[in-house]
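Nothing in this text is a laboratory measurement; each read-out follows from the coordinates by a stated rule. These numbers were taken from a predicted model, which means no experiment stands behind them. Every residue, glycine as well, gets a Cβ built from its backbone with ideal geometry; the counts of neighbours run over all protein chains shown.
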Amino acid sequence: MVAVKRKRYKPDALPSVGLVPFVVESLGRVSPEARSLIRSLAPSSPSERSLAIRCALQDLSVLVQTRLAEQLRSAEAGRTRGV
């Protein structure tokens, strides 16, 4: 998906804006580019940095998995109504 985003949003279209393709798999794994962006936004203080990164990645993973579960439950509920 990173390659798809890079192809869709070409750098020459907006040369002053850097694109960071932020891709999260359905089970919550983030792309290396997304992980780098999260790390770049984390506090620089060593005592806060690792916790902030870990929490951000975990929260993102939980959010993606929760929404996926909601979609699957919703789709299943729609299938059983007609039975």
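As a rough footprinting exposure proxy, the listed residues ARG79, ARG35 were ranked by other beta carbons within 10 Å of their own, and the order from fewest upward is ARG79, ARG35.
Summing charges over all other residues whose Cβ lies under 13 Å from the Cβ of LEU57, with Lys and Arg as +1 and Asp and Glu as -1, gives +3.
Listed from fewest to most Cβ neighbours within 10 Å, the set GLU76, GLU33 follows the order GLU76, GLU33.
The structure-derived value of percent of Cα pairs over 22 Å apart appears in the list [x] 22; [y] 29; [z] 47 under the label [z].
Considering helices alone, the calculated mean residue ellipticity of the chain at 222 nm is -21500 deg cm²/dmol, with DSSP H runs of length four and up weighted by -39500 (n - 2.57) and normalised per residue.
The VAL20 and ALA77 beta-carbon pair, evaluated with R₀ = 35 Å, returns a calculated FRET efficiency of approximately 0.45.
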